[in-house]
Amino acid sequence: MKFYKNIALGILLLLFSAFNVLANTGGDKAKSANISGRVLFSETKEPIEHAQLVLENSKYIAFSDENGEFIFNNVESGSYILSVLYVGLKKASKKIELGEKDLEVEIFVDSLIKKLNEVTVREMKSNNFGITHLRNIEGTAIYAGKKSEVVLMDEVAGNLSTNNSRQIYNKVAGLNIWESDAAGIQLGIGGRGLSPNRTSNFNTRQNGYDMSADALGYPESYYSPPAEAIERIEVVRGAASLQYGTQFGGMINFQLKRPAEDKKISGEFRKTVGSYGFFNSFSSLSGTVGKFEYYSFYQYKRGNGWRPNAGFDVHTAHTNLAYRHNKKLRIGFEYTFMNYLAQQPGGLTDALFEQDPRQSIRERNWFKVRWNLPALNIDYKFSSRTRFNFRAFSLIASREALGVPDVINRADPMEERDFIRSNFKNAGAEARIVHRYDLFGNSSNFLFGARFYSGQTTAQQGFADDGSDANFEFLETENSFASDYLFPSYNVSLFAENIFAITKDFSITPGVRFEYINTQSEGYYVMRNTDLAGNEILRQEVQDDRNRKRSFLLAGVGLSYKPKGLTEIYANFSQNYRAITFNDMRIINPNFRIDPNLKDETGFSADLGIRGTIGNWLSYDVSGFLLSYNNKIGAVLRVDSALYNVYRYRTNISDARNFGLESFVEIDFFKIGNKNTLHGLSWFSNLTVQNGKYINSDESAFQGKQVELVPPIIFRTGLSYSFKSFKATYQFSYTKEHYTEATNAERTATAVNGIIPSYYVMDLALEYKFKKWFTLSTGVNNLTNNMYFTRRAEGYPGPGIIPAEGISVYGTVGFRF
């Protein structure tokens, strides 16, 4: 009943919003108007972010966003002096005359000195502490009252060439990181007790469009953008479901670097070498020629891996071409290509790990991925009040897994290998419009959007040859296939949110999302019976066609209170939904089985927190969260008495709830008291304390047990010292022991199930920058050479324990022009 009440409340508020939008479309009735525009550098015409704008001798104050844009709402008609204040830049002033119509202005700011050295630039950027949060409105998206973090990649210290997740996301609270891919080819992060497996519980995006394999049927990400090409990473937690899907995890958006606006051609070249034969080459070109903009990069990396049989070879390329017709219309086209081949050393049992974590007892396992991701983006600005965005995207991709997935406590039988081939052909489009209007004397904002998505995934599983090389071909025999499926999926979504600015300090943001989801499976799988000697005595093809349609409404609301300009108290509530995927429906794996009556998950997520800054020396974000699941899908430990085999059984275990506290604080000691010094010394603490339990279960084996993949404590801290162009950073990471399945088994013979023991890791990074064109960096990862693991895998890249990488060193040389 509460569900429908929430929906009714959301619809009522949105109708009220729409009425006010229509009422204000004809123009402003009051004797006041809005002043909007951009703040730009005089020399380069680049936008200035975080500039303070004031209308002198008045109460009006505003700040510029990442595009240099600002707005004053409901300003009384008259004459004003508009001034811009920014540390390190000259004060700029401009006289303006405001009538009863909205006014747009551009204001240019000069440097305080003719030549800015890099020390000044670094100090300005460090005011963000390397991490910030999303504003109420970013482009055509609303984030008011939501838990969000933005990782600023220029401030990340570490090995960017390997996409080192524990260094990149070290200031994002609550993330459980799987370190089973030392080269950074695939990203594995989960938050608040959700599985990190290929980041499948987040809606993963690049420049605002989908990049995962199949958003509905198989939401795993085999492609991760090179960290060297990323400008910022936007992380929004569970309440993102209203704008980005129904998932419990939220959304991650990788915003790639933008074209240089002040040059016709600009380039960046980076070379990295490291331990275990690692080599990385990254090159990019960008610029603006007339109305045309471009940004392109190419990355190649290879390595032998920390363990035997762990080599890899990766090619990634991207091109972004845009045409800016005028100040209102911009059209852009992007294309991303990625191709990689990796040998997989397989998993280990607990005993093998304790004996030698670096060993490999599988040498015939290979993994191959090919990714093609085109996208079209159109931005149109109807007026200073109304913006429109349209995105169309597609994916043509494949992933192929070849090897021996049999339990790891058995020797490789040296017979035909298991081969899985999946092809993804997906397409989607998403349109959004944001309109700003006046309500109760304050500026409110209404967002409406629609999305269409179609996925066509094929999955074949069968037998390949008995060799050791990367031969991705099925055997040409009558019984070579174990399953052959087509998984069509369709999705239509409508979503809306509205920021009601009740006062200048307090806003309420309700929202609703309508979803229609249709997931299908068309194909067959093979049932095989064998005798005690393993000889096949019965083989039967089972046709397995399914069609599941569902439509529903989700509702949510966010609250934001800003008693002071740099402090915010926020809260949000959002309903969530997770539809079962084709990977939940059918997979043939001796370590893994699936309940044929699996049901979708429902539930909600909520946050309550406070965040802000004090001066330019302290940044903080402290919040509590609650995730509630109905029919939570999880893994259960079971025994096959006929085959004497322990396996994971994926089913709806019971209801569950996860709650916890996430805190982040960073202090720059040399900036206390606004001291002007060439030195910098900052310390950060990132602590998550959480608890996940199964509740309302009919089986005593689950009732009160801990939810799998919920570390009770995740703690990361670091110290960074800088002097002029030199910077040194030390980081410490700790994760407390936690379980991998619902019965809380601590150890099993196959190592597929069991506990993840507590572990800690230390990293050290050094960096030197000479002016704007040269960078030299080096570092040591896993400084104390700890032997630990973060993951137990039931299939590829296992099965069994996947050891994390030991101590490694790297060095990077970079040039820019």
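The values are calculated or read from the model by the stated rules, or taken from the named source; none is laboratory data. Everything numeric in this text was worked out from a predicted model, so none of it was measured. Cβ placement follows ideal geometry from the backbone for every residue including glycine, while neighbour counts extend to all protein chains displayed. Just the protein is used for accessible areas: all its heavy atoms, side chains included, with ligands, DNA and RNA removed. Shrake-Rupley method; radii C 1.70, N 1.55, O 1.52, S 1.80 Å.
Phi angles across region 199-205 convert, under the Karplus curve 6.51 cos²θ - 1.76 cosθ + 1.60 with θ = phi - 60°, into 3J(HN,Hα) values of 6, 6, 8, 9, 7, 9, 9 Hz, Gly and Pro given as x. For the pair region 313-364 and region 394-466, the centres of their Cα atoms are 14 angstrom apart. Projecting the Cα atoms of Gly624, Leu256, Phe506 onto the charge dipole of the chain (Cβ charges, centred on the Cα centre) puts Phe506 farthest toward the positive pole.
By a 1.4 Å probe calculation restricted to protein chains, Ser777 has an accessible surface near 20 Å², given to the nearest 10. Sorting His738, His325, His435 on solvent-accessible area from highest to lowest, probe radius 1.4 Å, gives His325, His435, His738. Backbone amide hydrogens, once placed in the peptide plane, bring Arg192 within less than 5 Å of Asn176, excluding anything fewer than 5 places away on its chain. By how many degrees, 0 to 90 and rounded to 10, does the Cα axis of helix 2-24 deviate from the longest principal axis of the chain? Approximately 30 degrees, to the nearest 10. With kT/(6 pi eta Rh) evaluated at 25 °C and eta = 0.890 mPa s, and Rh the Kirkwood radius from Cα pairs, the chain diffuses with a coefficient of 87 µm²/s according to Stokes-Einstein.
If the Kirkwood radius is taken over C-alpha pairs of region 172-219, then at 10 °C and 1.306 mPa s the Stokes-Einstein diffusion coefficient equals 139 µm²/s. Ellipticity at 222 nm from helices only: DSSP H runs of n ≥ 4 in the chain, each -39500 (n - 2.57), divided by the residue count, give -1500 deg cm²/dmol. Taking region 492-532 and a reference point 7 angstrom along Cα→Cβ of Asn479, the backbone N atoms nearer than 14 Å belong to 526-532.
Rounded, prolate or oblate: which one fits region 300-352, using the alpha carbon gyration tensor with axes a ≥ b ≥ c (rounded when a/c is under 1.5, else prolate when a/b beats b/c, else oblate)? Because a/c hits 1.5 or more and a/b exceeds b/c, region 300-352 counts as prolate.
Summarising the label geometry, the points placed 7 Å from Cα in the beta-carbon direction at Asn339 and Glu699 lie 4.6 nm from one another.
When the Cα atoms of region 374-447 are aligned to their principal axes, the ranges along those axes come out at 75, 26, 11 Å in descending order. Taking θ as phi - 60° and the Karplus parameters 6.51, -1.76 and 1.60, the scalar couplings of region 717-732 work out to 9, x, 10, 10, 10, 9, 8, 6, 9, 10, 9, 10, 9, 10, 9, 10 Hz in sequence order, x denoting glycine and proline.
Using C-alpha pairs under 8 Å with a sequence gap of at least 6, the mean separation divided by the residue count of the chain gives a relative contact order of 10 percent. Contact order, relative form, for region 144-235: 30 percent (alpha carbon pairs under 8 Å, 6 or more residues apart, mean separation divided by residue count). The listed peptides 662-671, 755-764, ordered by packing as a protection proxy, come out as 662-671, 755-764 (highest mean of other Cβ atoms within 10 Å first). Each peptide in 487-500, 52-65 gets a packing score, the mean of other Cβ atoms within 10 Å over its residues, and the list from highest to lowest is 487-500, 52-65.
Can you grab the distance from the C-alpha centre of region 609-628 to the C-alpha centre of region 143-214, Å, no decimals? Computed from Cα coordinates, the inter-centre distance equals 19 Å.
Using only the Cα atoms, what convex hull volume per residue in Å³ does region 432-512 have? Each residue corresponds to 170 Å³ of Cα convex hull volume. Modelled spin labels at Thr503 and Lys564, positioned 7 Å past Cα toward Cβ, are 1.7 nm from each other. For region 484-523, the relative contact order is 55 percent, taking Cα pairs closer than 8 Å that sit 6 or more residues apart in sequence and dividing their mean separation by the residue count. Scaled to the globular estimate 2.2 N^0.38 Å, the Cα spread of region 655-696, given as radius of gyration, is 2.04.
If I compute solvent accessible area with a 1.4 Å probe over the protein chains, what percent of it on the chain is carbon and sulfur? For the chain, the apolar C and S fraction of the accessible surface comes to 58 percent.
Select from Gly174, Ser224, Val151 the residue farthest towards the positive end of the dipole of region 141-268; place +1 on Cβ of Lys and Arg, -1 on Cβ of Asp and Glu, and compute about the Cα centre. About the Cα centre, the residue reaching furthest to the positive side is Gly174.
Our compactness index for region 193-329, the C-alpha radius of gyration over the empirical 2.2 N^0.38 Å, is 1.25. Placing dummy labels 7 Å off each Cα toward the beta-carbon, the span from Tyr380 to Ser296 is 3.0 nm. Once you divide the Cα radius of gyration of region 766-807 by 2.2 N^0.38 Å, the number left is 1.89.
P(r) tail, region 333-456: Cα-Cα pairs separated by more than 20 Å, 66% of all pairs.
The packing ranking, built from the mean of other Cβ atoms within 10 Å per residue, places the peptides 391-400, 314-323 in the order 391-400, 314-323, highest first. Solvent-accessible surface of the chain, taken per residue with a 1.4 Å probe and all protein chains present: 41 Å². To the nearest 0.05, how large is the calculated FRET efficiency for Ile755 and Leu681 if R₀ is 30 Å and r is the Cβ-Cβ distance? Taking R0 as 30 Å, the efficiency between Ile755 and Leu681 is 0.20.
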